[in-house]
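These notes concern the structure reproduced below.
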Amino acid sequence: MVVCVRMWGRRSVRRGLRAIGLSIVVLMWMLPLAVHADTPPQRVSAPSPGVVYDDFAEGRAAIQVGDKYGFIDTTGKFVISARYDDVIGFNRGLAPVKIGDTWGYIDLSGKSVIAPQFEEARQFSAIGLARAMMGGKWGFIDRSGKFVIAPQYDDSQGFFIESPRGLPEVAPTAPALAPVKVGEKWGYIDTTGKQAIALQFDDARDFTSDDVAPVKVGEKWGFINKSGAFVIPARYDDIIVDEQEGLAGVKVGAQWGYADVKTGKIIISPRFAEAGSFINGVASVQTGGQWGFITTDGSFVIPPQYADSDTFGPTGLTIAKTGGSYGRQTRLGDTPMPTQAGGKYGFVDRSGRFVIPPQFEDAFIFHDGLARVQMNGRVGFIDQAGAFVIPPQFIPDPNPPA
């Protein structure tokens, strides 16, 4: 299983956690976020030439060949042979890899930096700590592999900032806090391991760049600040948590709207069937079975007209699907809707104009300057001009979402 976290888009679930820098893998897109993305999926053997297991991060993309995993560079060449039993994508120059039953870390050349010794391991964050499991408990290690926070938690997240898929990772403001679980309750610790916010929540996520974090009480979600006080009461049925522009997607019943994360005030009334994150003042929303894009006042800048779409990334482009339809889940625990055939994917700019014509059977937003696409039953990577940099040669994922 490859869990690359921290690059979410509406079409990918937390590459978990972000385990940062990356995004949850192909396989994990549609798993509900109420179930932590650390849960290992069961994958079948991938025939040659292999399956692209994730988008590029730091010039490397994970590939599954048979029952082993390795990494290709942006030319499509294997620079780290498929010899690992599992991998997670690169972040901060290191990637967790599994050999046999234990995890360690390699650098971009494939050299072992931290010997395999952990039962589970995740990516390093901007502050130089990574989650690792030993004795069935989670703790935090530094880049030498030493535990600086002893393994003692039943579950945890990292010291990360929730940010939209495709945007660069940023370091959290002090104090950096990480969600941890003991028994059935979640709270937050600081980088010394001190309990900063008491164990009291039924679920918890990372803090955002606005220094608020989504937490669950019973069946409802709200936001707390770093003192643990609610800034938005736990009253919503679902929340979109990767906001960087002061707005959070909130679900009331079956409809989505947006609230100010500092005050909880509803800014855009719940009226959309589905919704995405605001990036650079624009968010994707679905109404009447079609996707369009709104500005922060709730008005449409691109009318609903696409069967599927995603968030605008740093390139100013996003995917859009014409014809057919595409069902998907919302972020936090809704039952996935069935995927339906038909239509083609292309890439549109912020005016809604197709700059790369709809021609692909599947497509994902750009990472490291490349976008993963499927054509004629094979997967490759294109540049921002729409030209194939890595020809379509890999097979589609044989492990579709459950």
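How much of the DSSP beta bridge set in region 78-225 is antiparallel, as a percent to the nearest 5?
95
Can you tell me the relative contact order of region 278-319? Whole percent, Cα pairs under 8 Å, sequence separation 6 or more. Please list the in-between numbers first.
Numbers: 70 pairs, mean separation 14.0, N = 42.
It rounds to 33 percent for region 278-319.
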Next item on the list: Any chance you could check the Cα centroid distance between region 245-294 and region 200-238 for me, in angstrom?
Entry: 17
Item checked: Cα gyration tensor shape for region 277-321, rounded if a/c is under 1.5, else prolate or oblate -> oblate
Note to self: Using +1 at the C-beta of Lys and Arg and -1 at the C-beta of Asp and Glu, which of Ile99, Ser112, Ile127 has the Cα lying farthest in the positive direction of the dipole of region 35-164?
What the structure shows: Ser112
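To the nearest 0.05, how large is the calculated FRET efficiency for Arg350 and Gln290 if R₀ is 22 Å and r is the Cβ-Cβ distance?
Details: r = 18 Å, r/R0 = 0.81.
Here the calculated transfer efficiency is 0.80.
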Checklist line | Cα extents of region 101-142 along the three principal axes, largest first (Å) | finding: 30, 26, 11
Next item on the list: Decide, for region 53-135, between rounded, prolate and oblate: order the square roots of the alpha carbon gyration tensor eigenvalues as a ≥ b ≥ c, take rounded if a/c falls under 1.5, and otherwise choose prolate if a/b is larger than b/c, else oblate.
Entry: oblate
Next item on the list: Note down the accessible area of Phe364, probe 1.4 Å, to the nearest 10 Å².
Entry: 10
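Using a Förster distance of 30 Å, how high is the FRET efficiency between Lys111 and Val148, based on the Cβ-Cβ distance and rounded to 0.05? Can you show the working numbers first?
Values: r = 23 Å, r/R0 = 0.77.
The formula returns an efficiency of 0.85 here.
For region 121-232, what class follows from the C-alpha gyration tensor (a ≥ b ≥ c being the square roots of its eigenvalues): rounded when a/c is under 1.5, otherwise prolate if a/b is larger than b/c, else oblate? Display every interim value, and only then the final one.
Working: a/c = 1.82, a/b = 1.21, b/c = 1.50.
Oblate shape, in that a/c is at least 1.5 and b/c is the bigger or equal ratio.
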Check: If each of Phe388 and Lys194 carries a label point 7 Å out from its Cα toward its Cβ, how far apart are those two points in nm?
Finding: 5.7
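Among the trypsin sites (Lys or Arg not before Pro) within region 40-129, which fall in a DSSP loop and have no more than 10 other Cβ atoms within 10 Å of their own Cβ? Mind dumping the intermediate values first?
Numbers: sites: Arg43, Arg60, Lys68, Lys77, Arg83, Arg92, Lys98, Lys111, Arg122; in loops: Arg43, Lys77, Arg92, Lys111.
Sparse-neighbourhood loop trypsin sites (Lys or Arg not before Pro): Lys77, Lys111.
With contacts defined as alpha carbon pairs under 8 Å and 6 or more residues apart, what's the relative contact order of region 242-325 in percent? Kindly include the intermediate steps, with their values, before the conclusion.
On the way: 185 pairs, mean separation 15.4, N = 84.
That works out to 18 percent.
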Check: Relative to the Cα centre, what is the charge dipole magnitude of region 57-135, using +1 at the beta carbon of each Lys and Arg, -1 at the beta carbon of each Asp and Glu, and rounding to the nearest 20 debye?
Finding: 220
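Here are some pairs, Lys137/Lys216; Lys226/Lys251; Lys216/Lys262; Lys68/Lys185; which of them have Cα atoms lying more than 26 Å apart in this structure? Please report the intermediate quantities before stating the final value.
Details: Lys137/Lys216 22 Å; Lys226/Lys251 23 Å; Lys216/Lys262 17 Å; Lys68/Lys185 36 Å.
Over 26 Å apart, Cα to Cα: Lys68/Lys185.
The values are calculated or read from the model by the stated rules, or taken from the named source; none is laboratory data. Predicted model only: the values in this text are computed from it and were never measured. Cβ: placed from backbone, ideal geometry, glycine included. Neighbour counts: every protein chain shown. In case anyone asks, the SASA skips ligands and DNA or RNA and just uses the protein heavy atoms, side chains included. Shrake-Rupley method; radii C 1.70, N 1.55, O 1.52, S 1.80 Å.
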